[in-house]
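One structure is given here, and the rest of the page talks about it.
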Amino acid sequence: MQIFGPNELLEDVHKRDLCIGCGACVNLCPYFKNYRGKTAMLFPCTLSEGRCYASCPKAELDMDELSSLFFKKPYDGSPLGNYRDVFVAHAGKGMTDGAFQAGGTVSALMVFALKTDMIDAAVLTDHKGMVPAPRLVTHPEEVAKCATSKYMAAPTLAGLNQGVQEGYQHLGVVGTPCQVMAVAKMRSNLLKKEAFVDPVALVVGLFCTWALDTRELLAFLSKKVEISRIRKTDIPPPPAEVFIVETGDEVIEIPLEAIRPLVPNACHVCPDMTSEWADISVGVLEGAPDRNTLIVRTERGERLVQEAEEAGYLILDKMPDENLEHLSLAAANKKRRSLNRAREEGLLNSPADGPRAVLRIAEEVVQGIIG
């Protein structure tokens, strides 16, 4: 893919209302900053090629290019992406401390990776009040502080850029599909720097159908509850169809149909539900909110899962065929919806003489997805 600079990033992404606030362009230079879920360019920049554009998951994302690099084959559009195995998982006896979302699988993996020196720091999503914020963690006991789901677009990858600046060479990253796409682009050395060294030793991806706009969600919730009282939010797996807000003394259930208008436009053109470019992908198991679906995608992901199970940090069970079928159907539906939306808006495979694309996917693969 051709790489452009920050002015083209503004034109292609920000002015189209496609920035998801993932943080990939933050902490690269002084120009881009994120505040309360919004990323903005503070000062003009005249670079014709920039890491900001090269890293952005909404700028010329070439699926064949990524698939050839990471999986050694063209992108085929399969619902769940490339994988080696799928399990039902939850944290084992090695994870005795801390409160975890769902089965605690992500926390168990990151704690074990830190304890065994597979990674020297973990890039996680913490929060300041209700606002998601990146956090660079170097001690296993810090992982649990970031364990709860945020459900809001977060500038997590600003923490990855911070870690690189601080000299960490074996970083672990936990992110949503758009963040994992950005990490894949960052690891691809798209600017062809001779001295480039991949600083990422582990990518754990989260399942995500959509995120919520931070500012709009806080404004929405402030009409129902005092924001400072909120202790936890949750979206149970289907068929619940509710957004749950927990305070110290009450539980508020909000229908998802009231929440969906707060989804950023960028989410509607994202074809990935299960973080296909991760080493390991994790989501809540349908029908069992205290268990996780765990998808193993790469050799190093497989090695980590096996070692974590042997050490008692993970408990694995066979994935029921029915659950796998439902997950594949949901992922396929997201691909279909997003590609139809991207095509309608002229953001898919746009011609060289037209506006630049968000997504580039072989046309025969597109037809196989949308039917």
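From the list L359, L347, L339, which residue is more than 13 Å from M63 (Cβ to Cβ) and either out of contact with any Lys or Arg (no Cβ under 6 Å at 6 or more places or on another chain) or of a type in the set (V, I, T) (or both)?
Numbers: L359 fails: more than 13 Å from M63 (Cβ to Cβ); L339 fails: more than 13 Å from M63 (Cβ to Cβ).
Exactly one residue qualifies, and that residue is L347.
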Out of (1) within 21 Å of N82 (Cα to Cα); (2) in a helix (DSSP H, G or I); (3) among the hydrophobic types (A, V, I, L, M, F, W, C), the one L316 does not meet is (2)
For the stretch 242-301, how many residues meet the condition of being outside any loop (DSSP other than H, G, I, E, B), small (G, A, S), within 30 Å of E344 (Cβ to Cβ) and in contact (Cβ under 8 Å) with a residue 40 or more places away in the chain? 3
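Could you pull out every one of the strands (runs of 3 or more DSSP E) wholly within the stretch 1-94 that has 2 or more residues that are surrounded by 18 or more Cβ atoms within 10 Å (Cβ to Cβ)? Please lay out each step first, then the result.
Details: elements: 32-35, 38-41, 85-91.
Once the strands (runs of 3 or more DSSP E) in the stretch 1-94 are filtered for at least 2 residues that are surrounded by 18 or more Cβ atoms within 10 Å (Cβ to Cβ), what remains is 32-35, 85-91.
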When you scan the stretch 331-371, how many residues do you find that are at pLDDT 95 or above and hydroxyl-bearing (S, T, Y)? 1
Output for the stretch 134-148, where each listed residue is under 21 Å from N27 (Cβ atoms) and touching a Ser or Thr at 6+ places or on another chain (Cβ under 9 Å): P134, R135, C146
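What strands (runs of 3 or more DSSP E), lying completely within the stretch 148-238, carry at least 3 residues that are over 14 Å from the mean Cα position of the chain (by Cα)? I'd like the intermediate steps shown before the answer.
Numbers: elements: 171-175, 200-206, 232-234.
Where strands (runs of 3 or more DSSP E) fall fully within the stretch 148-238 and carry at least 3 residues being over 14 Å from the mean Cα position of the chain (by Cα), they are 232-234.
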For V200, only one of the following conditions fails: (1) outside the structural domain of A59 (by TED's automatic domain parsing); (2) in contact (Cβ under 8 Å) with a residue 40 or more places away in the chain; (3) of a type in the set (V, I, T). What is its number? (1)
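Which one of G301, G346, G354 is in the same structural domain as M273 (by TED's automatic domain parsing) and on the phi > 0 side of the Ramachandran plot? Steps first, please.
Details: G301 fails: on the phi > 0 side of the Ramachandran plot; G354 fails: on the phi > 0 side of the Ramachandran plot.
Answer to the check: G346.
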For the stretch 118-144, what are the residues that are surrounded by fewer than 17 Cβ atoms within 10 Å (Cβ to Cβ) and either without any contact (Cβ under 8 Å) to a residue 24 or more places away in the chain or assigned to a strand (DSSP E or B) (or both)? H127, K128
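Out of L28, L47, I need the residue that is more than 27 Å from R135 (Cα to Cα), touching a residue at least 24 places away in the same chain (Cβ under 8 Å), assigned by TED's automatic domain parsing to the domain that holds T148 and over 18 Å from the mean Cα position of the chain (by Cα). Which one? Full working, then the answer.
Details: L28 fails: more than 27 Å from R135 (Cα to Cα).
After applying the criteria, what remains is L47.
Taking the conditions exactly as written (more than 30 Å from L28 (Cβ to Cβ), among the aliphatic types (A, V, I, L, M), assigned by TED's automatic domain parsing to the domain that holds L66 and surrounded by 15 or more Cβ atoms within 10 Å (Cβ to Cβ)), does A278 satisfy them or not? So that I can check it myself, show each step before the final result.
On the way: more than 30 Å from L28 (Cβ to Cβ): no; among the aliphatic types (A, V, I, L, M): yes; assigned by TED's automatic domain parsing to the domain that holds L66: yes; surrounded by 15 or more Cβ atoms within 10 Å (Cβ to Cβ): yes.
When the stated conditions are applied, A278 does not pass them.
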Within the stretch 114-127, can one find any residue that is more than 16 Å from the chain's Cα centre (by Cα), outside the structural domain of P236 (by TED's automatic domain parsing) and among the basic types (K, R)? yes
Of the residues in the stretch 75-104 that are β-branched (V, I, T) and modelled with pLDDT of 95 or more, the one that is farthest from P237 (Cα to Cα) is V86
Out of the stretch 116-164, which residues are modelled with pLDDT of 95 or more and polar (S, T, N, Q)? T116, T125, T138, T156, N161, Q162
Across the stretch 210-234, what is the number of residues that are β-branched (V, I, T) and crowded, with 20+ Cβ neighbours inside 10 Å? 2
Criterion violated by S107 - all others in (1) of a type in the set (S, T, Y); (2) part of a helix (DSSP H, G or I); (3) modelled with pLDDT under 95 satisfied: (3)
How many of the residues making up the stretch 268-312 are in contact with a helix residue (DSSP H, G or I) (Cβ under 8 Å, 6 or more places away or on another chain), of a type outside the set (D, E, K, R) and more than 30 Å from A153 (Cβ to Cβ)? 1
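The values are calculated or read from the model by the stated rules, or taken from the named source; none is laboratory data. None of the values given here were measured: they were computed from a predicted structure. Here the Cβ is made from the backbone with ideal geometry for all residues, glycine too, and neighbour counts use every protein chain on show.
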